[in-house]
Amino acid sequence: MVQWLARSVLPVMTIIAAIVLIWYAAAVPMNAGRTYMMAPDDAEIALPDLVSDTWAQKKPRLPVPHQIVVEVRKQATFSWIWKEKRRGYKRSLIYHTWVTLSSTIFGFVLGLVLGVSLSLAIVYSRVMDLSVMPWVITSQTIPIIAIAPMIIVIMAAGGMTGLMPKGVISMYLSYFPIVVGMTKGLRSSEPILEDQMKTWSATAFQTFWLLRLPSAMPFLFPAMKIGLAAALVGAVVAELPSGARAGLGARLLVFSYRSETIPMWANLVSAALLAGILVVSFGLLERAVNRRLGFRNAGDVTS
Amino acid sequence: MMLVVSAFVLWAGLWALNIILARRLSEQHARIAVPVIFGLTLVLVVELMVRGLNVSFVILPKPSEMVVRLFTSYEMLWEDFAQTILKGALTGYIVGCGAALMVAFLASWSDFLRRGLLPLGNFVAALPVVGLAPIMVMWFGFGWESKAAIVVSMCFFPMLVNCVQGLAATNAIERDLFKTYAASPVQQLGLLRLPAAMPFVLNGLKVCTPLALIGAIVAEFFGSPSVGMGFRIKTSVGSLSLDLVWAEIIVAAIAGTGFFGLLLIIERSLTFWHPSQRR
Amino acid sequence: MSVVTAEGLSLTFPGDVQALKGVNLSIDAGEFVSFIGPSGCGKTTFLRVVADLEKPTGGEVRVTGLSPEEARMKRAYGYVFQQPGLLPWRTVEGNVRLPLALMGQDRRTADQRVASVLKMVELDGFGNKYPWQLSGGMQQRASIARALAFDAELLLMDEPFGALDEIVRDRLNDQLLDLWRSTQKTVLFVTHSIPEAVYLSTKIVVMSPRPGRIAKVIDNPLPSDRPLEVRESTEFLSVASDVRNALREGMH
Amino acid sequence: MKNVLIAASAVVASLAATTAQAQDKFTIQLQWVTQAQFAGYYVAKDKGFYDAAGLDVTIKSGGPDIAPPQILAGGGADIMVNWMPSALSAREKGLPVVNVAQPFKSSGMMLTCRRDSGISSTDDLAGKTLGVWFFGNEFPFMSWMSQLGLGTDGGDNGVTVLQQGFNVDPIFNGQADCVSTMTYNEYWQVIDGGLSADELIVFKYEDQGVATLEDGLYVLEDNLADADFADRLTRFVAASMQGWKYAETNVEEAVEIILDNDDSGTASYEDQFRMMGEIAKLTAGSNGALDPADFDRTVATLLAGGDTVISGPPVGAWTHAITDAALK
């Protein structure tokens, strides 16, 4: 236990501590301009005063960590909701995180379905492999943000609004790693086992279900993890320009119009926390599934 | 209606052609011909559908109009390309990936630093860093510098994770071998760690390519001089010049795919020895 | 003159695993010494201590009269690992040239040397191939050529032929003997195989596990000129049976 | 107590909305996020004016990358709020939109400059860096600059144009000498940011004679011919104007309604109250019908800026048919 702390936790903590220190230090020069602007002309400002002012501005260029923590707590607590009466939930970060999370998951599921079916087509059909694969790569070099508003408009023309267009944009970003990983995975079953299946004259479906799919799992999970993170990026990006009414991306945008930097950072931190929770819980799922299928997990002790 | 029907017929015909080509042509030729025909099929089908269903130019312009725009407005497109891709994205890409490589070198000497950076880097690489775009514009101004800055912050961590893993990708025998030769740290880096890291480095560069494009264009949505691909896309949507919007998107796709292809060629020539590249 | 000496050598790994305990051994110049024993008996560990890849926790080792670290710094030995350990991005020539380049030898002399050692292991003509284009046996020969490249008088070989089939192995054993006779190097050779140990060595060190220690040192009376048929001679069989008995006794 | 009343009325309104199945559906696309700039529509919805007119109205908020004409063309909305230069530009491009009502009489657009940049009149603008909104909002600016004889490609005899994000940071960061502001929104961000009114000099587009018509209501020309649609539209315009007049006189209640409808939960009461006050100044003097003189002035301003937006005076770009019916 102690060894684990020293080997794994201590280095991470040290680097986080270093980042926080640098952050506080950087806030002083970055916010000093506004301190001087607000002060009377030619006023001399002593360093301690400068530091305390730059760490406590209302609209700083770089808010310091404790300002952000306070803001996150303020926006995420339930007492805030009650104080704001019935529209209070709309002011809660938890609500908006949920909005973003729901379209992330929706988009991820769409991406998973698209990614897995494309990779099946690619693995089992040479024409699909040759035709589609290069365009799958090209699709990722099209900046999604550029077409996000158009996707929303085109889908609105087809009568689809709300979660659907956001989900499609998330899907667009998340299907790619899944196609790549799954294709690689489906092609990774050992030739000797393929031959073994052949000796038993297994059907194509049996070979797929009993051999190829399980062999693809160790590839699929890391790919899904990347896809999940990409789906979150997609959800945020889709909320940014699209006139979405709620969600972390929409709030980020509106706060940025109003130069409300502290709430902006609070939103960014929530998005980061959301990403962290998603990735960690997915990691746990991965371990559980791999255990069950008898694959070795990356972190398992070998001896 | 005729046009819609012919779109389906065309689709079926060209798909059948592709099936035949995939069987008949040599591997080398099929790899080029089949995807090109597939792409052309898509374009033609969209063209016919847009015409056949009378889709408004505001929703989706005809592909032919986009191509015409590509040629008539090439000067403007080139200026936007230079501003966004060459200045913003490429500078950020080089700085971000270069810095990540440098930090990875440092981390490869210190086990402590590596243990600290790797989990953090993995975590940050999963974050929607693109949300920093408005903040970068606030900090670094409206010029290409802020676009480069967001690209740096988007590329740094994915690249770092790849480089750190890559520089640790040597096996025990290789390290022992260099120890028995009493090789200096610089020799070990140059002759062992760096070559062994190349597949990872190139993978990082590939991952960062679309990120750089997205970052540079997104940042322009939050403020820019009156030139740049993101600026043009945004303002052209406003003035309903959708053909110009799509022309910019085509330029971005060509630039991205071209760069990606270049990386594939470099990968092939530098890491020909890696199991994934052997043919 | 002793090339390798060990006195009261011990090595305990973290977690209280005694890999070596009280090992005393002296190896003279020009000897071919085999180390044989069940897994966990410390034969590989002993070789790694000599090569300064592990630090002993007790006792002393001298290699060519120096400490292992000094010997390593002077590049006093060549080491052949269990696997070929060839760098996949270098050609066979490039791999063999690697230690010479590290030692700062100029390209022309290095090239001549590379050509001559490749000839020695019968790989001339394969210099431009990449390791992964060669069979396992050829890869292992390339790795021996690499260990020979800088002409150290001491050669440390850790089960170099362990993963090869018997036909290839016989052939490589034969080549190795020729090489040893023609170069007069001192060889420390770790193996699992009794016939291999008896066929190659002038001296066989039988080791036993938990803790790793020397059970018996057997001198091999076979003449230095050994055709493959020697393995059917009664002399050969009696040495082999000595080794087998020593191994059995060491097991408890 | 008051909040309880509002809550109760909202509950009633939502009940009314769910029970009235026979209501005609109607969708309006705004051109920006939910704020007091669109108070009339939200008030009309929440106070039940639309219900009373037999309409089930959906209000779609906009955003920086939402082009309302595009939504309209795609069938995502029946009517849009848009500025006239942008709407005329869409018309010129081949999307025939028609102004059916004009709740905003005057323009709220201005250029706000720092006095310490050495600007005291329009003569001092040469060589300066100005922040301008694009996305259709740049046309009156271009027109103004060309009337002043200033190029917009930089240089000493022209001005350098920045695509201003939708906040006023550039004036604080020293990236721009002047920024575009609306009387009801960004100007107050500049004040809140720490620059006092006497540190600033403000050029109102109205005063410079280059004002163009802002928030108007536009529909597709083809739809107008449809009697059924025209009927719904008439009812919509009438109820919306009722909403606007209610909002002008009941500012506090209107602000509460805006806050209720702000799904992003980012609007503050103080900001919206101030905005509502400024918006009321712009809507004052309009009964909803477009004043043809204002239209002609807008067209003249745009034409003075060259033929970038429109090549000539548009024909049939507005109609009084709806407002005549709605306001009788």
In a helix (DSSP H, G or I) and either in contact with a Gly (Cβ under 8 Å, 6 or more places away or on another chain) or surrounded by 18 or more Cβ atoms within 10 Å (Cβ to Cβ) (or both): is that true of A:I137 in this structure? yes
Here is a list: C:G15, C:G30. Which entry is surrounded by fewer than 24 Cβ atoms within 10 Å (Cβ to Cβ), without any contact (Cβ under 8 Å) to a residue 40 or more places away in the chain and among the small types (G, A, S)? C:G15
Specify the residue that is farthest from the chain's Cα centre (by Cα); the eligible residues are those in the stretch C:50-69 that are buried (at least 17 other Cβ atoms within 10 Å of the Cβ), in a loop (DSSP other than H, G, I, E, B) and not hydroxyl-bearing (S, T, Y). C:P56
Within the stretch B:180-231, how many residues turn out to be more than 15 Å from A:I142 (Cα to Cα) and in contact (Cβ under 8 Å) with a residue 24 or more places away in the chain? 24
Name the one entry in B:R175, B:R193, B:R268, B:R232 that is among the charged types (D, E, K, R), surrounded by fewer than 20 Cβ atoms within 10 Å (Cβ to Cβ) and in contact with a helix residue (DSSP H, G or I) (Cβ under 9 Å, 6 or more places away or on another chain). B:R175
So B:I85 ticks every box in (1) free of Cβ contacts under 8 Å to residues at least 40 places away in the same chain; (2) within 11 Å of chain A (Cβ to nearest Cβ) but one. Which box is left unticked? (1)
Residue check: is B:R69 surrounded by 14 or more Cβ atoms within 10 Å (Cβ to Cβ) and either farther than 30 Å from B:V152 by Cα or in the same structural domain as B:F142 (by TED's automatic domain parsing) (or both)? yes
A:I152 vs. criteria in a helix (DSSP H, G or I), at the interface with another protein chain (Cβ under 7 Å from one of its Cβ atoms) and surrounded by 24 or more Cβ atoms within 10 Å (Cβ to Cβ): no
Selected residue [under 24 Å from B:E248 (Cβ atoms) and in a helix (DSSP H, G or I)] from B:L40, B:L60: B:L40
Subset tally (residues that are away from chain D (no Cβ under 14 Å), closer than 22 Å to B:V207 by Cβ and small (G, A, S)) for the stretch A:206-246: 8
State which residue pairs qualify: first residue more than 11 Å from chain B (Cβ to nearest Cβ) and inside the stretch A:6-34, second residue in a helix (DSSP H, G or I) and modelled with pLDDT of 85 or more in any location, beta carbons under 8 Å apart, and separation of 6 or more residues or different chains. A:V20/A:P65; A:W23/A:P65; A:Y24/A:P65
When the stretch C:5-49 is checked residue by residue, the ones that are of a type in the set (S, T, N, Q) and either within 13 Å of the chain's Cα centre (by Cα) or over 15 Å from C:S208 (Cα atoms) (or both) are C:T5, C:T12, C:S26, C:S34, C:T44, C:T45
Whichever residue in the stretch A:258-272 is more than 9 Å from chain B (Cβ to nearest Cβ) and assigned to a helix (DSSP H, G or I) and, among such residues, is surrounded by the fewest Cβ atoms within 10 Å (Cβ to Cβ): A:V269
Is there any pair with a first residue in the stretch C:79-96 that is closer than 14 Å to C:A149 by Cα and a second that is among the β-branched types (V, I, T) whose Cβ atoms are under 6 Å apart and which are 6 or more apart or on different chains, and what are they? C:Y79/B:T180; C:V80/C:I144; C:E93/C:V114; C:V96/C:V114
Output for the stretch A:175-203, where each listed residue is in contact (Cβ under 8 Å) with a residue 24 or more places away in the chain, part of a helix (DSSP H, G or I) and among the basic types (K, R): A:K184
Cβ pairs under 8 Å, 6+ apart, first in the stretch D:108-128 and free of Cβ contacts under 8 Å to residues at least 60 places away in the same chain and within 22 Å of D:A211 (Cα to Cα), second small (G, A, S) and part of a helix (DSSP H, G or I): D:K128/D:S117
Inter-residue pairs, beta-carbon under 6 Å, first more than 8 Å from chain A (Cβ to nearest Cβ) and farther than 22 Å from D:F134 by Cβ and in the stretch D:55-78, second assigned to a strand (DSSP E or B) and at pLDDT below 85, 6+ apart: none
Just one of (1) farther than 20 Å from B:V68 by Cα; (2) touching a residue at least 12 places away in the same chain (Cβ under 8 Å); (3) not in a loop (DSSP other than H, G, I, E, B) trips up B:A255, so point out which. (1)
Checked the stretch B:47-68 for anything under 23 Å from A:V136 (Cβ atoms) and within 12 Å of another protein chain (Cβ to nearest Cβ); matches are B:L60
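The values are calculated or read from the model by the stated rules, or taken from the named source; none is laboratory data. Keep in mind that this is a model prediction, so the values were computed, not measured. Glycine also receives a Cβ, built like all others from the backbone with ideal geometry; neighbour counts cover every protein chain displayed.
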